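What follows is a set of notes on a single structure, which appears directly below.
The values are calculated or read from the model by the stated rules, or taken from the named source; none is laboratory data. Small disclaimer: the values here were computed from a predicted structure and weren't measured. Counting neighbours? That spans all protein chains shown, and the Cβs are built from the backbone with ideal geometry, glycine included.
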Amino acid sequence: MPELELPVGSSSDLLKPGMDVRLNGNIDLFKFPFLPGSIRTPLSTSFAYDVIPLQKESSLMLFSGSGGIAVEYEVFPRLLLGAAVRVGAYYGILTTQSRTSGSGALVEFAVNPSLFFSPSFAVSLEGRIRKLFGLHTDIGVSVGVSYHYPKRDLPTKRREGAGINEGDHIEFLDSSIDGVFPVFYKYYDSHRIGQISLKNTSTKPIENLVVTFFVNEYMDNPKVCVTIEKVEPGETSDVDLFALFNNSLLTISEGELVSSLINVNYQVSNRKYRASHTENLTIFNRNAMTWDDDRKAASFVTAKDTQVMQFAKNIVGIVNCHPNKSVNNNFLIGMGIYTALGEYGLSYVIDPTTPYTEKSEDQTTVPGHIYMAFSVGLEPEMARRTFYQNENLIFKHDKAWIPVEITLVGESFLKAWSEGAKQWRKYGGTGDAGFLPRARGMVSLRACGLFAGPGKHNAPSRGNS
């Protein structure tokens, strides 16, 4: 940059104001960890060519170079205030016939505010005082354009009323979001729906980073996925994504492709920023599910649904009105509910769109099939004395259970019981069968709930029960 220099002191009697061309540079090689992010301490260098007229008809040409340390303070995002102390050497030539020359040491102190008009370029003003030992002392003032690499972190847009700037300090790298099954919509609150990698591409640490995930219409509020205290420059963090969906997902009768929004709020040098990223999200229809975990069947068991509870209470009432002390009461209730479902005309129909052969909803699993069992409320030893055919019982978790092939609803209860027991005997001894109490599945997979039905369901007449 061009500079006007003025000799001071006794040298002003011999020298006139002169000009020089100066090239300054600052290099970040290290950072003191105890300094805040707004203060930097780069190495400072300066190279200059001076032409200083003498009071007589001649001039002094100077070639100089110096280096030292600088301190830079970021007053505002676009205003940088710097100061530097440098030492070096000079070589001077008098433009007389004798071409007298000489050299010596120098020391200088400079201050230079810079105003950035882009992430890479700034208008810089420098004022300095320089001592050339054996020659003179001068002061200089210069104005020029400076280039900065890497680019500085500047706000690009401010959100009105929020005090949050749109930042470009973060790069969104690899991301993956799984498809959503509406029936498991409560599951995604504590189990990840996907993952994304975030990289700090700036030259400063990112602090208080908060990642949120949001899907319009199907979430009431953004879900906070993670809070990270600090991400160093160049560091990458992998973030698991979570979602707290509302039950409007259960209205989706056909699959949909929607847009999800990932927001990252963070701070750089105590200023707030936000970066955003969108990803496509597939939402399957409300009847779809995946059998990667048999416990997911618990999402279909809506035991607390009002109509389900009313139906069950009616059946229990009918059974209790016809007590039979010779038969276990839980057994009678289970048989009564199964029979009542058949009286309503319910039957099992294979879903033609499902490439698997899974059939029913709860508790007992064998290869390619899920069916149900209910407890008779007896300990294993008591159950063995109460029931004649113990091979038709399942003894698990210190209880005795009746296996029921629920897909046979509409046929006799004894047939459904016999078929369920047969499958358990076939696969239970080989380790190919599983037994999943509903309460255990509900720990992580809560029932999705049902929308209100058309009306009240009365129990079958007692004559048919």
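Can you find even one residue in region 90-101 that is modelled with pLDDT of 90 or more, surrounded by 16 or more Cβ atoms within 10 Å (Cβ to Cβ), touching a helix residue (DSSP H, G or I) at 6+ places or on another chain (Cβ under 9 Å) and in the same structural domain as residue 63 (by TED's automatic domain parsing)? Checking region 90-101: not a single residue is modelled with pLDDT of 90 or more, surrounded by 16 or more Cβ atoms within 10 Å (Cβ to Cβ), touching a helix residue (DSSP H, G or I) at 6+ places or on another chain (Cβ under 9 Å) and in the same structural domain as residue 63 (by TED's automatic domain parsing).
Could you list, in sequence order, the residues of region 164-182 that are touching an Asp or Glu at 6+ places or on another chain (Cβ under 8 Å), closer than 16 Å to residue 259 by Cβ and either part of a loop (DSSP other than H, G, I, E, B) or at pLDDT 90 or above (or both)?
Matches in region 164-182: 177 only.
Please indicate, with yes or no, whether at least one residue in region 410-431 is in a strand (DSSP E or B), surrounded by 17 or more Cβ atoms within 10 Å (Cβ to Cβ) and in contact (Cβ under 8 Å) with a residue 40 or more places away in the chain. No: region 410-431 contains no residue that is in a strand (DSSP E or B), surrounded by 17 or more Cβ atoms within 10 Å (Cβ to Cβ) and in contact (Cβ under 8 Å) with a residue 40 or more places away in the chain.
Of the strands (runs of 3 or more DSSP E) entirely within region 97-155, those holding at least 3 residues that are free of Cβ contacts under 8 Å to residues at least 60 places away in the same chain occupy 101-116, 121-132.
Checking the conditions here, which among 386, 364, 353, 357 is modelled with pLDDT under 90, within 18 Å of residue 300 (Cβ to Cβ) and surrounded by 14 or more Cβ atoms within 10 Å (Cβ to Cβ)? Write out each step before concluding.
Details: 386 fails: within 18 Å of residue 300 (Cβ to Cβ); 353 fails: surrounded by 14 or more Cβ atoms within 10 Å (Cβ to Cβ); 357 fails: surrounded by 14 or more Cβ atoms within 10 Å (Cβ to Cβ).
After ruling out the rest, the residue left standing is 364.
Exactly one residue out of 337, 402 is in contact with a Gly (Cβ under 9 Å, 6 or more places away or on another chain) and either modelled with pLDDT of 90 or more or part of a helix (DSSP H, G or I) (or both): that is 402. Kindly evaluate residue 223 against the criterion of being surrounded by 16 or more Cβ atoms within 10 Å (Cβ to Cβ), among the charged types (D, E, K, R), farther than 27 Å from residue 272 by Cα and out of contact with any Gly (no Cβ under 6 Å at 6 or more places or on another chain). Considered against the rule, which asks whether it is surrounded by 16 or more Cβ atoms within 10 Å (Cβ to Cβ), among the charged types (D, E, K, R), farther than 27 Å from residue 272 by Cα and out of contact with any Gly (no Cβ under 6 Å at 6 or more places or on another chain), residue 223 comes out as no. For region 230-271, the set of residues classified as in a strand (DSSP E or B) and free of Cβ contacts under 8 Å to residues at least 40 places away in the same chain consists of 230, 231, 256, 257, listed by residue number. When we screen 378, 346 for residues that are touching a strand residue (DSSP E or B) at 6+ places or on another chain (Cβ under 6 Å), at pLDDT 50 or above and exposed (fewer than 15 other Cβ atoms within 10 Å of the Cβ), the only hit is 346. Here residue 152 does not qualify as at pLDDT below 85 and within 27 Å of residue 242 (Cα to Cα).
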